[in-house]
Amino acid sequence: MKKILSFFVCFVVYQNALSCDVCGCGAFNSTHGLGTLAQGNRTSIGLNYQYRLYKSEHPEVFGNGIEHSTDYFQRLDVLGQLRLSKKWQIQLSLPIGFNKHVTRDTVSQKNGLGDPTLMVNFFLFNKQDSAKAQLFRWIVGAGVKSPIGKFTNPNDIDLYLYPGTGTFDAVFQNSFFFQKKKWSLLQTSQYILRGENKYKYIPGSLFSASLFGQYKFRTWGMYAGTQYSWSGVDYLNRKAISSSPTQGQVLTGIVGASVQFNSWVIQGNYHIPIAQNLGDGNSRQKTAFSISLNYFFN
């Protein structure tokens, strides 16, 4: 997503709103991919594009039928990382969202700048043997997501389409990278602790964990793995919204490839749902993929 596969959760209206509160919900990872992490602590700039599609069905608010809806989430991240020293690094992600909700007779769309995230990473271990056949990296990071993107109040039926949440969020991540000759293994995890916005609304906290394996040929590699993502309960006025459909979890298989040309790295991956329970079981992730382009400075 990431690579940066961006970990993202869509929000829905809370239980007292005059609309159905079961809409598309999902989670998307936002950690390094094998192609970028293999470059180590280097200054870089890049772009990452994500696409996700969800199908939902739920009882109509006025009527006796079942309402079917489709949610499209597209996101473009402008990425940058700066090497400060041998062990320290700064990362910045600036997202732009293009979100759309489609039903039988309505189309709702919200586009715009999202909430940027600033991370500080520390390389606990970054060791390679003398023959350059084996490499191990352990990276930990912490940062903050700032409420720059446009957001709305919890009563708005388009709540989950807005690109911002209005909250300051703490972000923590951890990555293990091991390479032996042409084989690589990457394990990543990320946790986002949500703050409270001016409407006394706290979106659910987020967690994701991924495990990938890659085989590298000459200038390109193929990788595959799994990703688990979880979204917690929301709060309004410090009270849990017990029936909040923002709660959900999804386990996906991921296949992808990365290509390196001089200082450029291109990556792409596709998500294959294995098991999921999103939007109180009323929503399902159908399609998700990510493509990224990064340039690394010497």
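Below, the figures for the structure above:
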item	result
Accessible solvent surface per residue of the range 34-296, calculated while the other protein chains remain in place, 1.4 angstrom probe, Å²	49 Å²
Asn111-Asn277 FRET efficiency (beta carbon distance; Förster radius 30 Å; 0.05 resolution)	0.55
Sequence ranges 70-76, 134-140, ranked by mean other-Cβ count within 10 angstrom, highest first	70-76, 134-140
Mean Cβ count within 10 Å, highest first, over the residues of peptides 202-208, 38-44	202-208, 38-44
For the range 78-112 and the range 127-182, distance of Cα centres in Å	11 Å
Accessible area of the range 111-242 belonging to carbon and sulfur atoms, whole % at 1.4 Å probe	61 percent
Distance violations [Cα-Cα > 22 Å] among Lys127/Lys180; Lys127/Lys216; Lys55/Lys200; Lys86/Lys145	Lys55/Lys200; Lys86/Lys145
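The values are calculated or read from the model by the stated rules, or taken from the named source; none is laboratory data. Here the structure is a predicted model, which is why all the values come from computation and not from measurement. Don't worry about glycine lacking a Cβ; one is built from the backbone with ideal geometry, like all the others, and counts go over all protein chains shown. Side chains are part of the model used for accessible areas, which takes the heavy atoms of the whole protein and leaves out ligands, DNA and RNA. Shrake-Rupley method; radii C 1.70, N 1.55, O 1.52, S 1.80 Å.
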